[in-house]
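K.L.:
Dropping the structure in here first, questions after.
The values are calculated or read from the model by the stated rules, or taken from the named source; none is laboratory data. What you see is a predicted model; the values in this text were computed from it and never measured. Cβ: placed from backbone, ideal geometry, glycine included. Neighbour counts: every protein chain shown. Calculation scope for accessible area: heavy atoms of the full protein, side chains included, ligands and nucleic acids excluded. Shrake-Rupley method; radii C 1.70, N 1.55, O 1.52, S 1.80 Å.
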Amino acid sequence: MVRLDVITTRGGDAGETSLGDGTRLRKDSLRIEAIGTVDETNAVLGLLRLHTANDAEADPILARIQNDLFDLGADLCVPGEAGERLRLAAAQTARLEAEAAALNAPLPPLRSFVLPGGTPGAAAAHLARTVARRAERVTVALAAAEAVNPEAIRYLNRLSDLLFILSRRLNGNGAGDVLWTPGATR
């Protein structure tokens with residue numbers, strides 16, 4: 001169990017932070033950027049949940065995703081792909097994929113790209129989707145430089161898909177989607 005008695009440690013005052021294995025890294029390292037962007041994704045999901053608090057289907061999904069994102073942060077804070085430490089599991093990605101498929105099933109097919117907007121909940125889901133995509137890009141860059149659990153990238157990819165589908169669901173199952181009209185402002 002995690003126990004945090006002291007929050008202000010001054011350990012990062014020189015621009016470094018500790019990983020889960022005790023390694024010290026600069027705060028601008030790619031690994032810390034990936035961990036931070038996953039954390040940012042989680043924070044944006046917290047805001048999205050303000051719009052799904054009374055949604056018996058969507059809110060429990062988002063609550064599980066927030067927990068998964070902490071697992072992902074724990075995975076990223078210990079370098080490597082395997083080992084004794086907590087690692088994101090394929091089952092977590094599979095569950096996310098199944099939930100996305102279930103949310104997508106009742107939606108009508110798209111005939112245009114969707115602009116971020118519509119209801120406040122849909123707009124928040126779009127914001128969360130874009131932050132999740134950034135977390136994925138940073139994690140891909142990290143994986144090109146050093147060992148990363150490949151499940152981390154798969155999970156983030158599925159997460160952004162789910163958040164897009166959820167935005168449509170929060171827009172009245174697509175009825176309130178704001179559609180792109182190519183060249184409309186020429």
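K.L.:
Which value results for Rg/Rh of the stretch 80-125 when Rg is the Cα radius of gyration and Rh the Kirkwood radius based on the inverse mean 1/r?
P.N.:
Ratio of gyration radius to Kirkwood radius for the stretch 80-125: 1.18.
K.L.:
Determine the per residue accessible area of the chain with all protein chains present and a 1.4 angstrom probe, expressed in square angstrom.
P.N.:
55 Å²
K.L.:
Another question about this same structure. Sum up the charges of everything whose Cβ sits under 14 Å from the Cβ of Arg134, counting Lys and Arg as +1 and Asp and Glu as -1, but leave Arg134 out.
P.N.:
Summing Lys/Arg as +1 and Asp/Glu as -1 gives -1.
K.L.:
Rounding to the nearest 20 debye, state how big the charge dipole of the stretch 50-157 is about its Cα centre with +1 on each Lys and Arg Cβ and -1 on each Asp and Glu Cβ.
P.N.:
It works out to roughly 380 debye.
K.L.:
What is the distance in Å between the Cα centroid of the stretch 10-67 and that of the stretch 154-186?
P.N.:
23 Å
K.L.:
Given points 7 Å out from each Cα along the Cα-Cβ axis, report the Ala102 to Ala89 separation in nanometres with one decimal.
P.N.:
Here the answer is 1.8 nm between the modelled labels.
K.L.:
Figure the gain on full extension for Leu110 and Val178 (residue separation times 0.36 nm, minus the Cα-Cα span) and round it to one decimal in nm.
P.N.:
Stretched fully, the Leu110-Val178 segment lengthens by 23.4 nm.
K.L.:
Next question. Projected onto the charge dipole of the chain (+1 at Lys/Arg Cβ, -1 at Asp/Glu Cβ, origin at the Cα centre), which of Cys77, Thr37, Ala90 gives the Cα projection farthest towards the positive end?
P.N.:
With unit charges placed on the Cβ atoms, the residue in question is Thr37.
K.L.:
OK, next. With only alpha-carbon atoms in the gyration tensor, what are the semi-axes of the equivalent ellipsoid for the stretch 18-119, in Å, largest first?
P.N.:
Whole-Å semi-axes of the equivalent ellipsoid: 31, 16, 14.
K.L.:
Given a 1.4 Å probe and every protein chain left where it sits, what share in percent of the accessible area of the stretch 17-138 is carbon and sulfur?
P.N.:
C and S fraction of accessible area: 58 percent.
K.L.:
Based on alpha-carbon positions alone, could you give the equivalent ellipsoid semi-axes of the stretch 138-180 from the gyration tensor, as √(5λ), descending, whole Å? Present the calculation step by step, with values, prior to reporting the outcome.
P.N.:
Numbers: eigenvalues 202, 20, 4 Å².
In descending order, the three semi-axes are 32, 10, 5 Å.
K.L.:
How far, in nm, would the chain grow between Leu47 and Arg24 when pulled straight, counting 0.36 nm per residue and subtracting the alpha carbon separation?
P.N.:
5.1 nm
K.L.:
For the chain, modelled as a Gaussian network with Cα springs under 10 Å, which listed residue fluctuates most, Leu72, Leu156, Leu107?
P.N.:
Leu107
K.L.:
Quick one, what does Rg over Rh come out to for the chain if you take C-alpha atoms and the Kirkwood Rh?
P.N.:
Taking Rh as the inverse mean 1/r over Cα pairs, Rg/Rh reads 1.02.
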